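Reviewing the structure listed below.
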Amino acid sequence: MSVQKLEPEKHITTKVLYAMKQAGEKIAMLTAYDFLTAKFLDAAGIDVILVGDSLGNVIQGNETTLPVTLEEMIYHTKIVKRAVSNALVVSDMTFMSYQVGVKEAITNCGRVMKETGCDAVKMEGGDYIAETIRRVVEIGIPVMGHLGLTPQSINKFGSYKTRGTEKEEADKIYRDSLLLEKSGCFAIVLEKIPAKLGTKISKSLNIPTIGIGAGANCDGQVLVTHDMLGLIEDFKPRFVRRYASQANDTKDAFRKYIRDVKEKKFPAVKESY
Ligand code: KIV
C-alpha cells in the first residue's frame, strides 16, 4: 500500500515525501501555471505541482527564465494553489529574488508563502546559496533545492548541455547536494546530469531527489507539463517523453473551427437560440 493511500484525505506534505522515499515509492511531479491544468493534475493524483519559472519559456515565450518577475510568480502560484486540494504546491523563486542576500531572500520567500498559500519554495544553486536556504528553512519555509543544470545560471554556463560529465563538476554537484541536505532542503531537483551521478546522490541523501534528465534511480521525476503533453514542438531533449500530441490536436481544432465559420457550418440550428 502506498504512503499516500494510508491517509487518503491527507494533503501531501514534505514529511509524506520523505516517507515515500523511505518506502521506495516514487514521487511524481509536474509543472502548472494555470487553474485548469493544476486541477487536472491534482485530480489525477500528482504528488507535487511545481509553479516553475519555466513559465518564462512556455507561457511568456522568453528565451530564458531570467525575465520572470516575483509578481508574475506570485500571480501564477495563487491561481494554481486555488485549484489544488492534495498535491504539494512548490513555487519557484525567480532570478534575483533570493541571490542578493539572506534578508532579501527571507522577505521574498515570505511574500510568496503569505500571498500565494503555497507549501514550499524552490531555489537553484549550491554552496553559495546554502546559508540562505538554512535561514529560510529555520524561519519555517520549506525549501526544495535545484542542482545540475540550473537555468537561471545559463549566462554563466553558456549552454544547456549536460552538467557533471567531468569529474570535477560531478564532485562539486555531489558535495553541493550534501550541503543542501544539511542546510535543511526537504528535496532536491537534479537536472540534466549523468544517471550515474543521479544514482550516487539519491543513494547518499536521506531526502528525496527529483530528477529531470538525471536517470531512473532518482526518488521522483519531474517534467515541464507542456513538454510531456507535446505542446512544445521545437524542443525535445532526450529526457522528455511525450504522452500526448496536443500541439497537433490544438492546431487541427483551430483549423476546423475557422473552416466551419468561413463555410457557415458553425453555429448549427441546435447551437442557436
Ligand atoms: O522551472 C521549472 O519548470 C523547473 C523544472 C524544470 C524542474 O525548474
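The values are calculated or read from the model by the stated rules, or taken from the named source; none is laboratory data. Worth saying up front: this structure is predicted, and the values here are computed from it rather than measured. Note: ideal-geometry Cβ built from the backbone for every residue, glycine included; neighbour counts use all protein chains shown. Side chains included, ligands, DNA and RNA excluded: accessible areas come from the protein's heavy atoms. Shrake-Rupley method; radii C 1.70, N 1.55, O 1.52, S 1.80 Å.
Rundown of residues vs (1) in a loop (DSSP other than H, G, I, E, B); (2) surrounded by fewer than 23 Cβ atoms within 10 Å (Cβ to Cβ); (3) not assigned by TED's automatic domain parsing to the domain that holds Leu149, yes/no style:
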| residue | (1), (2), (3) |
| --- | --- |
| Glu169 | no, yes, no |
| Lys172 | no, yes, no |
| Ile188 | no, no, no |
| Ile193 | yes, no, no |
| Gly211 | no, no, no |
| request: Could you please find all residues in segment 94-117 being out of contact with any Leu (no Cβ under 9 Å at 6 or more places or on another chain) and either among the acidic types (Asp, Glu) or assigned to a loop (DSSP other than H, G, I, E, B) (or both)? | output: Tyr98, Gln99, Val100, Gly101, Glu104, Glu115, Gly117
| Selected residue (only one of Val90, Val3, Val16 is among the β-branched types (Val, Ile, Thr), crowded, with 17+ Cβ neighbours inside 10 Å, on the phi < 0 side of the Ramachandran plot and modelled with pLDDT under 95) | Val3
| field | Per-region count, segment 39-63, residues within 14 Å of the ligand (Cβ to nearest atom) and assigned to a helix (DSSP H, G or I) | value | 5
| message | Regarding segment 236-252, can at least one residue be identified that is assigned to a loop (DSSP other than H, G, I, E, B), open to solvent by 40 Å² or more (accessible area, probe 1.4 Å), aromatic (Phe, Trp, Tyr) and without any contact (Cβ under 8 Å) to a residue 60 or more places away in the chain? | response | yes
